[in-house]
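Colleague: One structure is given below, represented as structure tokens, and several questions about it will come after.
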Amino acid sequence: MPQGQHTSRVYENELRTLRDRLLLMGSLVEEMIGKAMQALATRDTALARSTMKMDRRINRLECEIDDLCMRILAMRQPVASDLRFVTKALKIVTDLERIGDLGVNICDRVAELNEEPPLGATFDLVALADEATLVVHEALDALVERDVDRATELLTRDEAIDEHYGEIWKRLLELMTSDPTTIYRATRIQSIAKYLERIGDHAMNIAETVVFLVTGKDIRHRNRRYETGAPPPDAEGSGRP
């Protein structure tokens, strides 16, 4: 096999390995959040503790992906779309690692709640968790498919997740105000809801990265509603000149 052809095949294998490692890391963080919420629903502290150990594998994958990206950049000197993919993989892996950290935080709060009597009231945390993990999954699918339309559509879901978290926080605040004995447990539930909302934010980061990979357009730090076609405040009658 000619040297150039061999090098090209090795390079393609490295890019494929990088993509596969990212997807494996993504599947692990999805599984981690699912198990953490199961531990909450069933008051299973042992499951919460064992789920926390998944973070070690996620951290190892982060290091492997970082090393692979550095090797590709140093030895293959990618250009154009390949360069964007490798450099943005370094960003995506950071978002996934932080989702894993948030999974650990959820498990910690679950273990604390399990030492207390059940709060009684439910706050739709499972639905919020489903929303958060779904956008993570779909952001990774959009990455694999290089589907900018799907990634852009995902950005419209950020506000709904934020509103869901706000509704949970409002109900918890009402509960704590009416019954101060619930404060310790309610603040733990609020923390779990906030962690789930942050997971959604990291999924949005991945979706923004997909838009950049496909179009070369950097849409970070812009109002996501405007990027997805919603009118700016002036158009909604804000009264601003």
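The values are calculated or read from the model by the stated rules, or taken from the named source; none is laboratory data. Predicted model, so just to flag it, every value in this text is computed and none were measured. Because the Cβ atoms are built from the backbone with ideal geometry, glycine has one as well, and the counts that use them run over all protein chains shown. Note: areas computed on protein heavy atoms with side chains; ligands, DNA, RNA excluded. Shrake-Rupley method; radii C 1.70, N 1.55, O 1.52, S 1.80 Å.
Colleague: Quick one: in segment 106-131, which of the residues that are in contact with a Phe, Trp or Tyr (Cβ under 8 Å, 6 or more places away or on another chain) and closer than 13 Å to Glu197 by Cα is surrounded by the most Cβ atoms within 10 Å (Cβ to Cβ)?
Modeller: For segment 106-131, the residue satisfying everything is Ile106.
Colleague: Which of the residues spanning segment 132-157 are under 16 Å from Asp201 (Cα atoms) and surrounded by fewer than 20 Cβ atoms within 10 Å (Cβ to Cβ)?
Modeller: Once the filter is applied, which keeps residues that are under 16 Å from Asp201 (Cα atoms) and surrounded by fewer than 20 Cβ atoms within 10 Å (Cβ to Cβ), segment 132-157 yields Leu134, His137, Glu138, Glu153, Thr156.
Colleague: Checking Val86 against (1) assigned to a helix (DSSP H, G or I); (2) farther than 20 Å from Arg188 by Cβ; (3) open to solvent by 20 Å² or more (accessible area, probe 1.4 Å); (4) modelled with pLDDT under 95, only one condition comes out false. Which one?
Modeller: Among (1) assigned to a helix (DSSP H, G or I); (2) farther than 20 Å from Arg188 by Cβ; (3) open to solvent by 20 Å² or more (accessible area, probe 1.4 Å); (4) modelled with pLDDT under 95, the lone unmet condition for Val86 is (3).
Colleague: Six or more apart or on different chains, Cβ atoms under 7 Å: show the pairs whose first residue is in segment 48-75 and closer than 15 Å to Leu24 by Cβ and whose second is open to solvent by 100 Å² or more (accessible area, probe 1.4 Å).
Modeller: Taking only residues 6 or more apart or on different chains, not a single pair turns up.
Colleague: Considering each of Thr94, Thr42, Thr17 in turn, give the residue that is of a type in the set (Ser, Thr, Tyr), surrounded by fewer than 16 Cβ atoms within 10 Å (Cβ to Cβ) and closer than 23 Å to Met204 by Cα.
Modeller: Being of a type in the set (Ser, Thr, Tyr), surrounded by fewer than 16 Cβ atoms within 10 Å (Cβ to Cβ) and closer than 23 Å to Met204 by Cα holds for just one of Thr94, Thr42, Thr17, which is Thr94.
Colleague: Sticking with this structure for a sec: Of (1) modelled with pLDDT of 95 or more; (2) hydrophobic (A, V, I, L, M, F, W, C); (3) more than 16 Å from the chain's Cα centre (by Cα), Val10 satisfies all except one. Which?
Modeller: Of everything listed in (1) modelled with pLDDT of 95 or more; (2) hydrophobic (A, V, I, L, M, F, W, C); (3) more than 16 Å from the chain's Cα centre (by Cα), Val10 misses just condition (1).
Colleague: Which residue pairs have Cβ atoms under 6 Å apart, sit 6 or more places apart or on different chains, and have a first residue in segment 11-34 that is at positive phi and hydrophobic (A, V, I, L, M, F, W, C) and a second that is at pLDDT 95 or above and open to solvent by less than 40 Å² (accessible area, probe 1.4 Å)?
Modeller: Filtered contacts from segment 11-34: no entries.
Colleague: Among the numbered conditions (1) touching a Ser or Thr at 6+ places or on another chain (Cβ under 7 Å); (2) closer than 25 Å to Glu197 by Cα, tell me where Leu68 comes up short.
Modeller: Status for Leu68: all satisfied but (2).
Colleague: Okay, moving on. In this structure, is Glu159 farther than 27 Å from Asp82 by Cα, under 16 Å from the mean Cα position of the chain (by Cα) and acidic (Asp, Glu)?
Modeller: It is true that Glu159 is farther than 27 Å from Asp82 by Cα, under 16 Å from the mean Cα position of the chain (by Cα) and acidic (Asp, Glu).
Colleague: Looking only at segment 111-153, filter to residues that are in a helix (DSSP H, G or I) and touching a Ser or Thr at 6+ places or on another chain (Cβ under 7 Å); which one of those is farthest from Ser191 (Cα to Cα)?
Modeller: Among those residues, the one meeting the criterion is Val148.
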